[in-house]
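Notes follow once the structure below has been shown.
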2 protein chains.
Amino acid sequence: MTYSELSEQIFQKRSYLCVGLDTDPRKLPRHLLTEADPVFTFNKAIIDATAEFAVSYKPNIAFYEAQGPRGWESLQKTLAYIPENCFTIADAKRGDIGNTSDLYARTFFDSAAAGLAFDSVTVAPYMGRDSVLPFLAYEGKWVILLALTSNPGSADFQRQQLHDGPLGSQALFETVIQTAQTWAGHDQLMFVVGATQTSELQRIRELAPNNFLLVPGVGAQGGNLADVSRLGLTKTGGLLVNASRNILYASDGTDFADRAREEARALQQEMAQHLASLD
Amino acid sequence: MTYSELSEQIFQKRSYLCVGLDTDPRKLPRHLLTEADPVFTFNKAIIDATAEFAVSYKPNIAFYEAQGPRGWESLQKTLAYIPENCFTIADAKRGDIGNTSDLYARTFFDSAAAGLAFDSVTVAPYMGRDSVLPFLAYEGKWVILLALTSNPGSADFQRQQLHDGPLGSQALFETVIQTAQTWAGHDQLMFVVGATQTSELQRIRELAPNNFLLVPGVGAQGGNLADVSRLGLTKTGGLLVNASRNILYASDGTDFADRAREEARALQQEMAQHLASLD
């Protein structure tokens with residue numbers, strides 16, 4: 001999916017909601033456990049219930065990987081079921097030397113490899129340029145690079161001040177955002193930005209005025225949708241805001257899909273207001 | 001495997017060789033392609049040929065993941081086949097917020113999850129303390145944290161000077177090595193250190209006098225075993241030196257296992273000399 005197609009979807013659905021498919025077999029409604037593939041059955045119901053309100057789906061690969069080969073099959077089926085007009089994100093936080101990153105890129109982008117063809121993958125920046133370029137070599141595919149995350153450990157390295165960044169003294173995450181923009185344009189590069197850091201979101205928007213920002217953690221991780229929207233939205237959208245647990249586990253009964261739909265709709269309605277107040 | 005058990009293995013086999021199982025289906029000897037599971041058949045032959053000379057095996061997870069569910073089955077079988085007295089490394093470069101890192105830890109450490117029980121996993125440090133602790137919560141299991149890698153992109157962030165590290169101005173990788181030692185002792189924490197940076201290896205050994213260093217890339221990536229050994233070895237061993245392509249693809253004919261054995265033996269013999277000169 002291209003930048004303009006994603007932007008179009010956002011204004012058509014009046015939503016920048018990304019539904020995080022962090023599907024934990026231990027949290028599934030009990031009545032699904034007799035299904036042949038409870039994870040896929042659950043995801044299918046969640047997608048059916050939320051597709052009207054979401055522009056993106058983001059399976060967290062760890063949840064599937066932890067099930068072994070069976071988990072990868074649930075992931076393949078889930079990805080195939082996501083509607084064509086939704087932007088798909090493999091939340092995998094990969095990154096390695098060139099020939100290995102190339103294999104991770106094939107895994108998530110080339111359906112001939114592992115039966116998966118996501119639009120994008122989340123990538124960790126620590127190993128630098130040549131660990132990221134193999135993902136960017138896939139035309140029309142996206143890298144969503146970790147920049148500033150919402151967890152306490154983001155203070156350990158991401159927020160450390162660099163002596164001599166491109167802008168003089170600045171934090172590591174600022175250098176990551178600046179440096180990565182020399183590798184790819186905003187048509188292939190997004191950044192992961194933790195929602196709890198609204199004071200820093202403004203700075204990040206200055207550094208990356210045209211890139212989409214993927215903001216995880218509005219909801220369960222304590223972010224504030226109004227702040228994120230005010231500081232992050234652009235004329236072309238420019239935001240994907242993720243919600244996972246609030247939607248997936250709104251109920252653990254037979255009404256789980258209806259409750260997920262209500263949660264997604266409530267978020268979409270708030271987003272529609274923020275989009276309407278753009279100019 | 002504990003620190004002292006690994007150390008014992010090293011002095012018993014007079015080797016600190018780690019064989020990297022970066023098994024690429026496109027590079028297998030042609031006569032194996034008719035096997036039911038060519039990747040496992042190849043790995044089994046490589047392990048049989050090299051186990052006398054290696055103290056560790058390191059499957060690069062990307063190579064298995066890129067085969068989808070089938071690849072995970074080859075990985076399960078490969079891990080089960082590695083002899084008990086060898087230290088096993090899941091080279092996965094994982095790292096995410098706490099609850100997701102916990103799932104990655106289960107994937108690679110808890111056989112009840114994905115059928116895998118590695119001794120260790122490689123982890124990327126960018127997200128900080130709480131992204132690493134879930135791996136360390138597994139008693140007797142190891143984190144091998146990315147510190148300084150051998151690829152050109154290591155200059156982008158790892159070598160950037162920090163304004164105010166624990167030691168004043170120092171590189172990011174030095175801060176990573178120092179900070180991580182406040183999270184775990186040398187009985188659970190190793191560092192990945194690129195072999196081409198021998199000038200920096202001395203500095204790293206000062207910062208982490210007791211931790212094992214995993215040095216990938218002696219051989220294909222241009223490292224020098226003599227320099228690495230002189231600067232990295234300690235009285236308890238302290239080094240795992242990885243070789244992958246040189247061993248795996250020494251021949252693409254029916255003699256591939258014999259040639260792999262010769263390569264592994266040559267490395268072991270050089271290592272035995274370096275260990276002997278330790279005194």
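The values are calculated or read from the model by the stated rules, or taken from the named source; none is laboratory data. This structure is a prediction, so every number in the text was calculated from the model and none was measured. Positions of Cβ are generated from backbone atoms using ideal geometry, with glycine treated the same way; all protein chains shown enter the neighbour counts.
A few comments on the model shown:
- Members of segment B:109-131 found to be part of a helix (DSSP H, G or I), of a type outside the set (A, V, I, L, M) and more than 9 Å from chain A (Cβ to nearest Cβ), listed by number: B:PHE109, B:SER111
- Screening segment A:229-279 for residues that are in a helix (DSSP H, G or I) and of a type in the set (Gly, Ala, Ser) and picking the one that is surrounded by the fewest Cβ atoms within 10 Å (Cβ to Cβ) gives A:ALA276.
- The helices (runs of 4 or more DSSP H) falling completely within segment B:36-91 that include 3 or more residues that are within 14 Å of chain A (Cβ to nearest Cβ) map to B:61-65, B:69-81.
- Selection of segment B:264-278 for residues being of a type in the set (A, V, I, L, M, F, W, C) and under 19 Å from the mean Cα position of the chain (by Cα) yields B:ALA264, B:LEU267, B:MET271.
- Scope segment B:143-159; condition surrounded by fewer than 19 Cβ atoms within 10 Å (Cβ to Cβ) and of a type outside the set (A, V, I, L, M); matching residues: B:PRO152, B:ARG159
- Of the listed requirements (1) without any contact (Cβ under 8 Å) to a residue 60 or more places away in the chain; (2) in a loop (DSSP other than H, G, I, E, B); (3) surrounded by fewer than 20 Cβ atoms within 10 Å (Cβ to Cβ), A:GLY140 misses just one: (1).
- All positions within segment A:118-133 that are within 13 Å of A:ASP102 (Cβ to Cβ) and surrounded by fewer than 24 Cβ atoms within 10 Å (Cβ to Cβ): A:ASP130, A:LEU133
- Contact map, segment B:54-67: residues that are more than 21 Å from A:PRO69 (Cβ to Cβ) and of a type in the set (D, E, K, R) paired with residues that are assigned to a strand (DSSP E or B) and at pLDDT below 95, Cβ distance under 6 Å, separation 6+ or inter-chain. No pairs are found.
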